[in-house]
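The values are calculated or read from the model by the stated rules, or taken from the named source; none is laboratory data. All of these numbers come straight from a predicted model, not from anything done at the bench. Here the Cβ positions follow ideal geometry from the backbone for every residue, glycine too, while neighbour counts run over all protein chains shown.
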Amino acid sequence: MWILRTVGQPSETTFRILPSSIKTIGRATGADFILDEALISRVHC
């Protein structure tokens, strides 16, 4: 299991991602988890 946690927000949020699920992360609006950071690629597996 992967754990994705937000930091620095008014309230922290934790997402648990199961091994059988496929999620994308990146700056693109189509990503499952969107990161607002210029150094991150648009879509990263």
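Note on region 16-38: residues that are of a type outside the set (A, V, I, L, M, F, W, C), surrounded by 13 or more Cβ atoms within 10 Å (Cβ to Cβ) and in a strand (DSSP E or B) amount to 1. In region 1-32, the qualifying residues are those that are of a type in the set (Lys, Arg) and under 10 Å from the mean Cα position of the chain (by Cα), and the one that is modelled with the highest pLDDT is Arg27. Here Ser41 clears all of (1) part of a strand (DSSP E or B); (2) surrounded by 10 or more Cβ atoms within 10 Å (Cβ to Cβ) except the condition numbered (1).
Check region 7-15 and report whether any residue there is surrounded by 10 or more Cβ atoms within 10 Å (Cβ to Cβ) and not aromatic (Phe, Trp, Tyr). No; the residues of region 7-15 include none that is surrounded by 10 or more Cβ atoms within 10 Å (Cβ to Cβ) and not aromatic (Phe, Trp, Tyr). Sub-8 Å Cβ pairs linking a first residue in region 13-26 that is without any contact (Cβ under 8 Å) to a residue 12 or more places away in the chain to a second residue that is surrounded by 10 or more Cβ atoms within 10 Å (Cβ to Cβ) and assigned to a loop (DSSP other than H, G, I, E, B), at least 6 apart or interchain, are Thr13/Thr6; Thr14/Thr6; Lys23/Asp32, ordered by first then second residue.
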